[in-house]
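Every number in this text was worked out from the coordinates using simple rules, so none of it is lab data. Since the model is a prediction, treat every value here as computed from it, not as a measurement. Backbone-built Cβ (ideal geometry, glycine too); neighbour counts: all protein chains shown.
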Amino acid sequence: MGDLDFRGRQMPAWFPDAKFGVFVHWGAYSVPAWAEPTGELGAVDPEVWFAHNPYAEWYWNTSQIEGSPAHEHHRTVHGGLPYDTFLDAWKAELFDPAEWIDVFARAGARYVVVTTKHHDGIALWDAPGTGTRNTVRRGPHRDLVADLAAAVRARGLRFGVYYSGGLDWHAGRRAVIRHEDLIDECRPHDAAYAAYALRQVRDLIDRYRPDVLWNDIGWPDAGMADLPDLFAHYYATVPDGVVNDRWDGAHADYLTSEYQANRQNETAAHWEQCRGIGLSFGYNRNEGPEHLLDPAGAVRQLVDVASRGGNLLLNVGPKADGTLPGEQRTVLEGIASWMAGHGGAVYATRPLGPGAAPSDGAPWIRWTRDDRHAFAFLADVPDSARDQVVLKTRPGLLDPATAVRLDDLPVRADAVPDGILATSVALGTPLPTVLRFALL
Ligand SMILES: C[C@@H]1N[C@H](CNC(=O)Cc2c[nH]c3ccccc23)[C@@H](O)[C@H](O)[C@@H]1O
């Protein structure tokens, strides 16, 4: 029994310093790769959500809802075949983990969290109790968790595991039709499932020593008493590991939000927002450019989250063949080129706090700080402003005379009654321009 008073533990600095992680949702659901791009979680009527679920990784559930387009799709395109047919059809024949992680690392991700068992119950390693229902014995015939852990660590990034503790459709419950089903009706809460899930998470800890333990949906009622020991074992095995908040309240090193859901969690001392590059976590062949963040949108999402003290966990949904969808890769390459010149204003920074006002309008403005500088991020300055922006700051916060643009273009900054008037070229781009000031 390890040290049980982990509740007061100090947050390891690597996590808040990291700011940016890449989430990977890859599974049998990546074979059909089919969902309706309905909208963002939190912006879609919950009554509509489950039958028109934009999460392609929910294919098993959505395709069982009579009358749903996914049900029709599964009948007409896949002949209503059993879901596990997709596991055997999943070959990952072009999978090159080092190539993925090179793209993620260049984009500036400092950690990578991968699905090890999603709601469909199929494990991406030879998980105890899964028999042949895993990617070592069927489909890819590879330990994908081990392959990804090795590639992530070879690039010096931190490796995290996603585990669906609260939902396992193989544990024999009916499809989730409405949100309240997620509380009890459709979740396995029995002792047998609790022992099964506990054994698998312990196996993940012992074999892969993950830096992040990212559970989802919650934990079975019959297994709640197991969690203090599990967390103590985790921290004894990975002393600077971090645990998320989706364990039905048992413990959390940090809180999470997802698209527009659980945004109230973004006021915590430590938090992480997760979302896809598009509207889904699993690859959805029905998503077009209109459903995806563009590079500037992804960069501004990251800067907004970092400016408020959080991390962004941005998801990539690989194809069943193991390639990254081109349109998602393009967004990551766009983030990479911006982060190459501006990452220093994001990593290991903290919110600048009161005295410097962000702005959501035009111009779009966000602030971060390190121990000696304030960083102003400016985007979408309207033409009418002729490349001038008033940065509302309280007197004495920073020194206008020290203004520098991180891309080395010239900038003038003069103190004006309500802050600083910054004058420079090309401030109107959607990708943020970054000005650095010495803090007084
Ligand atoms: C990272 C994503 N997590 C999803 C589960 N999300 C949640 O339970 C988050 C959540 C918070 N409030 C909600 C209200 C309705 C539905 C989900 C949520 C999963 O269902 C997705 O498939 C994916 O793995």
Legend entry - Paramagnetic reach from residue 182 (point 7 Å along Cα→Cβ, amide N under 15 Å) across region 1-39: 39
Inset, instruction - Mind jotting down the distance between the C-alpha centroids of region 144-185 and region 87-125, whole Å? - result: 12
Inset, instruction - Evaluate the Kirkwood expression for the hydrodynamic radius of the chain, namely the inverse of the mean inverse distance over all pairs of different C-alpha atoms, and round to one decimal in Å. - result: 22.8
Legend entry - Burial ranking of peptide ranges 100-109, 319-328 (average Cβ count within 10 Å, highest at the top): 100-109, 319-328
Legend entry - Point-to-point label distance, residue 357-residue 264, nm (Cα→Cβ direction, 7 Å offset): 2.9
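Applying 1/(1 + (r/R0)^6) with R0 = 56 Å to the Cβ-Cβ distance of residue 439 and residue 191, what FRET efficiency is obtained, to the nearest 0.05? Don't jump to the answer; show the numbers that get you there.
Values: r = 56 Å, r/R0 = 1.00.
So the FRET efficiency works out to roughly 0.50.
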Inset, instruction - Please work out how much length the chain gains when fully extended from residue 14 to residue 40, using 0.36 nm per residue of separation minus the C-alpha to C-alpha distance, in nm with one decimal. - result: 6.4 nm
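Using a cut-off of 11 Å between beta-carbons, work out the net charge of the residues near residue 358 (Lys and Arg +1, Asp and Glu -1, residue 358 not included).
+1
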Legend entry - Counted charge near residue 258, where neighbours are those whose Cβ lies closer than 14 Å (Asp, Glu -1; Lys, Arg +1): -3
Legend entry - Residue-span extension gain [residue 89 to residue 146] - 0.36 nm each, minus C-alpha spacing: 18.4 nm
Legend entry - Potential lengthening between residue 385 and residue 48 on full extension [0.36 nm per residue; Cα-Cα distance subtracted]: 117.0 nm
Inset, instruction - For region 254-294 and region 407-440, write down the distance between their C-alpha centroids in whole Å. - result: 30
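Would you mind putting 423-436, 173-186 in packing order, based on average other-beta-carbon counts within 10 Å, highest first? Let's see the in-between values first.
Values: 423-436: 19.0, 173-186: 14.6.
Peptide ranking by packing, descending: 423-436, 173-186.
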